Amino acid sequence: MAAPCSRMASRPICQFITNVRRTGLKHTGVRQISLGSACRAATQTRSKTESVASPWKLYGAVCLQRLPVISQERNPIEDQFAELMHQMELERSLLSDHEQRLLEDSERMTRKQADNYDSDEEEADYGGQETITAQDQEDTWEQKLKHFQPALRDRDVGGTPLGSVERCLGDSLVLLVQQTVGKETIWLLPQAQWEAGETLRQTAERGLSSLPEADFKATFLGNTPCGVYRYKFPKEVRTERCVGAKVFFFKAFLSAGSASQKEPFLSAGSASQNEPFLWVKKTELQGYLKPPYLEKVDRFILNL
């Protein structure tokens, strides 16, 4: 009875191992078929994508801002707050060296007017030298202050050109350049067409460095675009394979460089067609940019 029992016990184990082997082979075959189908589908999709070119040209643009150089004019509320802080600081502060001298000079004048004043003792204390009082110094400072002429905060009074970075030192300025689109010459942010092998940020940097008569050094704020604008070309230049352009904007701050053009000086508001670029305030953009373009650009330009 021992032998039949052992054969009966070994049969389920052999059947289990055989089923597992068969199941594994079947699943392996399914995996091979599914992977092959996925590879073929991906190859077909890639070939279709490569054969059909995009009808949109890609551009990388840079929003280059010159930050304020000087502080802006204070409003009435800021003037009141500054006066309050000055008064609090004056009440809590100690006497300065000049104020100590004023008190000493006042005490010296009081001693001179007394009946028991000894001039020899006073001369001995100061070594016989001529004494210059603090009040004399204040009178000298007042005379110098009358002849002092502070520099103008607003340099546009003398007719600073729009192409100069020295205008509107208390405001943030944005760089605009002239570009020809079709038969029309319009003002845009500096941009360049994307080329294979470069990133969009590198395209924007190339568009900035290729400006004529300028040597800008800018600090880009990251590698991600801060905005995108899509527009169609004029009908006379539009084709089925070239419908329009997509412009990706990058933010940058002017750090250094020769930012003034070599053109005749022009006053604000009198931009010439020969000017290669302009520095304008955010409130002045509507006079140069197209409304749809301005709507996109106005979203990420900060009036610092």
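Taking the Cβ-Cβ separation of L152 and S93 as r and a Förster radius of 41 Å, what is the calculated FRET efficiency to the nearest 0.05? Kindly include the intermediate steps, with their values, before the conclusion.
On the way: r = 32 Å, r/R0 = 0.79.
After rounding, the FRET efficiency stands at 0.80.
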Next item on the list: Determine, from the Cβ-Cβ distance of R241 and K290 and an R0 of 22 Å, the FRET efficiency 1/(1 + (r/R0)^6), rounded to the nearest 0.05.
Entry: 0.35
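Quote to one decimal, in nm, the extra length available between K144 and R74 on full extension: 0.36 nm per residue of separation minus the C-alpha distance between them.
Numbers: separation 70, 0.36 × 70 = 25.20 nm, distance 2.67 nm.
Contour length minus the Cα-Cα distance gives 22.5 nm.
Given a Förster radius of 45 Å and the C-beta distance between T133 and C226 as r, what FRET efficiency does 1/(1 + (r/R0)^6) yield to the nearest 0.05?
Working: r = 62 Å, r/R0 = 1.38.
Plugging the Cβ-Cβ distance into 1/(1 + (r/R0)^6) gives 0.10.
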Note to self: Check which residues have an amide H placed less than 5 Å from L58's amide H, if you skip close sequence neighbours.
What the structure shows: W194, K246
Note to self: With the cut-off at 25 Å, tell me which of the pairs K235/K282; K251/K281; K235/K290; K57/K296 have Cα atoms farther apart than that.
What the structure shows: K235/K282
Next item on the list: Along Cα→Cβ, 7 Å out, is where each label goes; now give me the distance between the ones at S255 and A196 in nm to one decimal.
Entry: 3.3 nm
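Just order 89-96, 163-170 by mean Cβ neighbour count inside 10 Å, highest at the front, would you? Let's see the in-between values first.
Values: 89-96: 8.1, 163-170: 19.1.
The peptides rank, most packed first, as 163-170, 89-96.
FYI, it's all coordinate maths here, none of it is from the lab. Being a predicted model, the structure only gives us computed values, none of them experimental. All Cβ positions, even for glycine, are placed from backbone atoms using ideal geometry, and neighbour counts span all protein chains on display.
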